[in-house]
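Report on one structure; see the data block that follows.
No lab work stands behind these numbers, since they all come straight from the coordinates. All of these numbers come straight from a predicted model, not from anything done at the bench. Methodologically, a virtual Cβ is constructed for each residue, glycine included, from the backbone with ideal geometry; neighbour enumeration extends over all protein chains shown.
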Amino acid sequence: MADTTVIGFHLPTEEHGCMSNWYPAEFRYAGLRFSSVEQYVMYHKVMLAGRYDLAKEIMNSDDPAVMENIAGDNAFPEYTRIKNKWHWICRIVVRRAVFAKFMQHPELRQELLATGNALLAECSHLDKNWGVGISLRDMRWKSPENWNGKNDLGNILMEVRDEIRQLEMAVGEENLCFEDAMNAEANDEWNMSAAALANHPSYGRSVMAYVDTFANNFTRQSFMDAGTSLAEWEKKIRAKEGAAVPVLGFFDLKQDVYDISRRLYANARYDRIHVFCAKFMTLLEMFTRDEGLHAWAAGYQKNRPGDEHAGLGSFIYDEFVPGARKAGLTPADYYEIIDNSALDVRMISNPDVAWIQGLTREEILACVAWHFRADYFAEGALVRHSIGDGVLLKFFKALL
């Protein structure tokens, strides 16, 4: 571990201070605005104990030190009642806030991503749970074997860094933004029951973190009823018909479910596109290397394909084209993307590598879709030009 790169942080005013929960970076979550991660966490801590008066004090302050004093473990007697619940729920609460902060502040997000694969260490000698138990002034923090703390905050930051990096690869930097789910229509996961979603490995902990805030088992059993979807519970809560199901945490759960869904769907689509491009790379390269295939493609007519390479022509239109659409290479709004980006159709038709390198991932997919459009498909230009002249090959290479 001696050669491992470690980046330490502690106070918001020090180097890499944006990683501190005390760093002032306003973000919105589940219909509320918070001045820092610390405010979000302390608010949820006292609300779990039913101390609405303390929650109001926390929301009226911009000083993380004041918030911590209000919601400290020994600051209010009700903490002993919620201690065990909070002990495991708080990690999910912190992760949600950290993700929201960095997703809503591009400059902070870039600083986090710029840490690469370095270990991130919260260097506080007073905190052996969230930190490594060593002061930032004590250089021993640079060697993980010296740590005597769990470094939970550092670990959460590294998890969020990986999640954001994966999402960026899947949707492109230009589309990397926070999507507020507060008033979003129900997606597939939100139309599932709490019980069904709790059994999903990607959502289970988030669901149970909310369920564990319930006051009694009857409410828990009602909420976990397999016949009622989360979307139906939302309607009841908005209509104030949700019985004892708490509003606190419900829309936080919704935001978390939507964030997880977006990441999973984006990664799955990225994987499908990557696999498809890699699978058909050899086929596309054949047309640039084999003079006979290139000549066949140059004279190809969809309505009069001829006997030569008839099987290949059928394969392109029956397997390759439907497969590309299924893999997500042909976005339906490709014309809108092309118009909004003011892409030159002449370059889309006959691009050079340098031009393609200047495109975003979304723009490359729009260019691919342009080559798969109906008139190209019908007249055979997809084979003659897009495949035969190696145009799709250039775009596919850019997507890998």
#### Entry: Within a Gaussian network of the chain (alpha carbon springs, distance under 10 Å), most fluctuating of 45, 150, 254
150
### Query
Rounded if a/c is under 1.5, else prolate if a/b is larger than b/c, else oblate: which is the chain, with a ≥ b ≥ c the root eigenvalues of its Cα gyration tensor?
prolate
## Note on the structure
Note, residue 106: beta-carbon cut-off 13 Å, +1 each Lys/Arg, -1 each Asp/Glu, net -3
## Note on the structure
For the range 323-400, shape from the Cα gyration tensor axes a ≥ b ≥ c, cut at a/c of 1.5 then a/b versus b/c, turns out rounded
### Task
Return the single residue from 145, 107, 68 with maximal mean-square fluctuation; model: Gaussian network over the chain, springs between Cα atoms under 10 Å.
145
### Message
When a/c reaches 1.5 or more, the comparison of a/b and b/c decides; with that in mind, is the range 6-175 rounded, prolate or oblate per its Cα gyration tensor?
### Response
oblate
### Pairs beyond 31 Å (Cα-Cα), from 101/397; 254/279; 45/235; 142/254; 83/254; 56/240
101/397; 254/279; 142/254
### Task
State, to one decimal in nm, how far the label point of residue 272 lies from the label point of residue 159, with both points 7 Å from Cα in the Cβ direction.
2.8
### Query
Could you give the length gained on full extension between residue 200 and residue 226, defined as 0.36 nm per residue of separation minus the Cα-Cα distance, in nm?
8.0 nm
## Note on the structure
Per-residue Cβ contact counts at 10 Å, fewest first, order 270, 210 as 270, 210
### Query
Taking the Cα centre of the range 6-175 as the origin, how large is its charge dipole in debye, to the nearest 20, when only Lys and Arg (+1) and Asp and Glu (-1) carry charge on their Cβ atoms?
620
### Query
For the chain, what is the relative contact order in percent, using Cα pairs closer than 8 Å and at least 6 residues apart in sequence?
13
### Length-normalised contact order for the range 290-399 - Cα pairs under 8 Å, 6+ apart - percent
40
### Message
What does the charge count around residue 25 come to, taking other residues whose C-beta lies under 13 Å from its C-beta (Lys +1, Arg +1, Asp -1, Glu -1)?
### Response
-1
### Query
If we count every other residue with Cβ under 11 angstrom of residue 67's Cβ, Lys/Arg +1 and Asp/Glu -1, where does the sum land?
-4
